[in-house]
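Worksheet: one structure, shown below.
The values are calculated or read from the model by the stated rules, or taken from the named source; none is laboratory data. Keep in mind that this is a model prediction, so the values were computed, not measured. Heads up, the Cβs are rebuilt from the backbone with ideal geometry, glycines too, and the neighbour counts pull from every protein chain shown.
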């Protein structure tokens with residue numbers, strides 16, 4: 001190991017170590033259990049019984065770079081009272097929203113992966129979600145029905161999504177007998193909200209490229225209710241299925257939505273995945 005090359009990395013991580021140490025002392029002062037994830041002095045929430053989830057959430061709240069996404073979420077969601085969390089996984093963003101609104105906000109968490117959905121139920125229970133925090137085990141797309149879901153050890157892909165970029169959770173699991181494909185119920189944004197009697201003023205969406213079908217089919221819904229969109233746009237996966245992310249953004253613009261920040265095509269469509277804050281004009 002080259003210590004001279006390691007030292008700059010250590011220096012870059014010093015803010016992370018400081019935040020993690022601060023959270024350790026704060027947990028002790030507040031007499032909190034080990035399974036807690038702390039973002040700041042007033043925002044903490046409990047993690048489900050999964051070391052993988054706990055470590056991932058703590059990393060989100062302590063790492064200098066990933067904390068910026070959480071800050072952006074807190075700023076963007078400020079003043080909102082009704083969250084539709086599509087692709088909620090075990091409930092990280094739902095948990096922060098629940099804590100920020102002190103349990104008074106309405107939440108509908110949507111997750112198709114059955115393993116993640118079980119962890120989501122535990123997150124809701126541990127954080128005393130009550131009647132204000134509901135969940136449903138389904139996927140979103142442009143039509144109601146059923147699609148094949150390819151689970152992994154955490155999350156998965158819907159309908160054979162095309163990508164050339166495997167990551168820590170989605171590699172070659174589709175070929176593994178350990179995670180056999182399963183058929184999942186699919187709703188549109190409109191049918192889901194109508195069936196649940198739910199009207200969001202904020203939608204967080206991370207659904208592995210099916211934001212294309214979901215949002216292009218939901219323009220009338222968006223035009224009527226005008227929720228803000230905290231969107232993960234999966235450019236590479238969308239193109240891997242022979243579709244164009246530009247078409248999706250054009251459909252949102254036509255119903256009066258705009259991106260906060262850069263609207264240059266290179267910023268929106270060049271990265272494999274890009275995070276966008278989209279608001280009604």
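Overview of results
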{"item": "Search result, residues across region 89-116 that are surrounded by fewer than 21 Cβ atoms within 10 Å (Cβ to Cβ), modelled with pLDDT of 95 or more and closer than 23 Å to residue 186 by Cα", "result": "106"}
{"item": "Filter result (surrounded by 19 or more Cβ atoms within 10 Å (Cβ to Cβ) and either within 22 Å of residue 22 (Cβ to Cβ) or modelled with pLDDT under 95 (or both)) within region 71-88", "result": "73"}
{"item": "Residue within region 47-60 that is at pLDDT below 90 and under 30 Å from residue 137 (Cα atoms) present", "result": "no"}
{"item": "Checklist (1) closer than 26 Å to residue 148 by Cα; (2) in contact (Cβ under 8 Å) with a residue 40 or more places away in the chain; (3) in contact with a helix residue (DSSP H, G or I) (Cβ under 7 Å, 6 or more places away or on another chain) applied to residue 109, failing item", "result": "(2)"}
{"item": "Among (1) in contact with a strand residue (DSSP E or B) (Cβ under 7 Å, 6 or more places away or on another chain); (2) not in a loop (DSSP other than H, G, I, E, B) - the single one residue 131 does not satisfy", "result": "(1)"}
{"item": "Test set (1) surrounded by fewer than 16 Cβ atoms within 10 Å (Cβ to Cβ); (2) in contact (Cβ under 8 Å) with a residue 40 or more places away in the chain; (3) in a loop (DSSP other than H, G, I, E, B) - residue 48 fails condition number", "result": "(1)"}
{"item": "Any pair with Cβ under 8 angstrom, 6 or more apart, that starts in region 18-37 at a residue that is farther than 25 Å from residue 125 by Cβ and ends at one that is at pLDDT 90 or above", "result": "19/61; 19/62; 19/67; 20/58; 20/62"}
{"item": "For residue 236: the one exception among (1) under 21 Å from residue 72 (Cα atoms); (2) touching a residue at least 40 places away in the same chain (Cβ under 8 Å); (3) crowded, with 16+ Cβ neighbours inside 10 Å", "result": "(1)"}
{"item": "Some residue of region 179-187 being modelled with pLDDT under 60, in contact with a strand residue (DSSP E or B) (Cβ under 9 Å, 6 or more places away or on another chain) and either under 19 Å from residue 238 (Cα atoms) or surrounded by 15 or more Cβ atoms within 10 Å (Cβ to Cβ) (or both)", "result": "no"}
{"item": "Criterion violated by residue 222 - all others in (1) within 26 Å of residue 75 (Cα to Cα); (2) within 17 Å of the chain's Cα centre (by Cα); (3) surrounded by 16 or more Cβ atoms within 10 Å (Cβ to Cβ) satisfied", "result": "(2)"}
